[in-house]
Amino acid sequence: MQMTGNTILITGGGSGIGRALAEAFHRLGNAVIIAGRRQSVLDDTVGANPGMRAAVLDIENPAAILNFADHMKRDFPALNVVIHNAGIMRNEVLTGGSVDTAEATIATNLLGPIRLNTALLPLLLTQPHAAVLTVSSGLAFLPLALTPTYSATKAAIHAYTQALRYQLQGTAVQVIELVPPYVQTELQGPGQASDPHAMPLNGFITETMDLLSSQPDAQEILVERVKMLRFAEANGNYSAFFQTFNDAMSQRQL
């Protein structure tokens, strides 16, 4: 994708990876619009980055998504890049008898981006240069048993991204999948932001932006730290690695 001259929408852009990406693209001179559920978080991010724009979006609500998309198309007709970053990640006990977490996770992480992408594609297809960036996870390729539905939604986003890319062949819309590893954000709570086992957020963003710049035709953006998950199955030791990885992550949660 081109790194400058864009009008970029980033969902979940008020915190974590979304905010860091928004600030990185903003520094390059792009017009950046961030979206999220919490007005206060959006206001804080925009206040720290003069010229950035923000809009509230409840990514779980189908009607809200359609209204939001209409607002984007009306107020930002030059919109040519969408980064589907909004997501939630919650631990689940599958024997607990409740599907509340699963349903919320699927609505936010999977149905939300699909609905928003469907609503915005007609505008993107009119632009001379456009890009859709989905955010999956290393857990799309090697699931974390503590977060089964989160892992499943990210695997689904990977499959959806591949299908979207195929269907958009011959158009001006590039489709790129960002595949983060475990990063120091507050996705699972405040403790994650300081977990020494997680990749520092600044390091992840720097490497990601370097890859986007140096590999403009890339289909997947893989920082070095995520490759052990991304290629676990291809490396031939998937079962053993799955057990070791999940044992280690379960111990950290105790």
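The values are calculated or read from the model by the stated rules, or taken from the named source; none is laboratory data. None of the values given here were measured: they were computed from a predicted structure. Cβ coordinates were reconstructed from backbone atoms using ideal geometry, including for glycine residues, and neighbour counts include every protein chain displayed.
Give region 1-13 a look and list any residue that's modelled with pLDDT of 95 or more, crowded, with 18+ Cβ neighbours inside 10 Å and of a type outside the set (Val, Ile, Thr), or say none. Passing the criteria: 6, 9, 12, 13. Just to be sure I understand the filter: pairs with C-beta atoms under 8 Å, separated by 6 or more residues or on different chains, first member in region 12-31 and under 19 Å from residue 129 (Cα atoms), second member among the aromatic types (Phe, Trp, Tyr) and surrounded by fewer than 19 Cβ atoms within 10 Å (Cβ to Cβ). Which pairs pass? Once the first residue is under 19 Å from residue 129 (Cα atoms) and sits in region 12-31, its partners that are among the aromatic types (Phe, Trp, Tyr) and surrounded by fewer than 19 Cβ atoms within 10 Å (Cβ to Cβ) give 31/76. Tell me, which residue of region 117-142 that is more than 13 Å from the chain's Cα centre (by Cα) and in contact (Cβ under 8 Å) with a residue 60 or more places away in the chain is surrounded by the fewest Cβ atoms within 10 Å (Cβ to Cβ)? Result: 129.
Do you know which residues across region 217-246 are loosely packed, with under 12 Cβ neighbours inside 10 Å and either over 21 Å from residue 193 (Cα atoms) or touching a Gly at 6+ places or on another chain (Cβ under 7 Å) (or both)?
Hits for region 217-246 are 217, 234, 235, 236, 237, 239, 240, 243, 244.
I want to confirm something. Restricting to region 35-51 and keeping residues that are of a type outside the set (Val, Ile, Thr) and within 19 Å of the chain's Cα centre (by Cα), which single residue is surrounded by the most Cβ atoms within 10 Å (Cβ to Cβ)?
35
Return yes when residue 115 is basic (Lys, Arg) and farther than 23 Å from residue 219 by Cα and no when it is not. Considered against the rule, which asks whether it is basic (Lys, Arg) and farther than 23 Å from residue 219 by Cα, residue 115 comes out as no.
When 69, 48, 63 are checked against the criterion of being closer than 22 Å to residue 1 by Cβ, among the small types (Gly, Ala, Ser) and modelled with pLDDT of 95 or more, a single residue qualifies: 69. Just checking, does region 141-149 include any residue being closer than 25 Å to residue 239 by Cα, β-branched (Val, Ile, Thr) and modelled with pLDDT of 95 or more? Checked against the condition, which is being closer than 25 Å to residue 239 by Cα, β-branched (Val, Ile, Thr) and modelled with pLDDT of 95 or more, region 141-149 yields at least one hit.
Among the helices (runs of 4 or more DSSP H) confined wholly to region 18-127, which include 2 or more residues that are farther than 30 Å from residue 170 by Cβ and hydroxyl-bearing (Ser, Thr, Tyr)? Working first, answer last.
On the way: elements: 39-48, 62-75, 100-106, 112-124.
Fully inside region 18-127 and qualifying: 39-48, 100-106.
Only helices (runs of 4 or more DSSP H) whose full extent lies in region 141-254 are considered here, and the ones with at least 3 residues that are within 28 Å of residue 117 (Cα to Cα) and β-branched (Val, Ile, Thr) are 148-167, 201-214.
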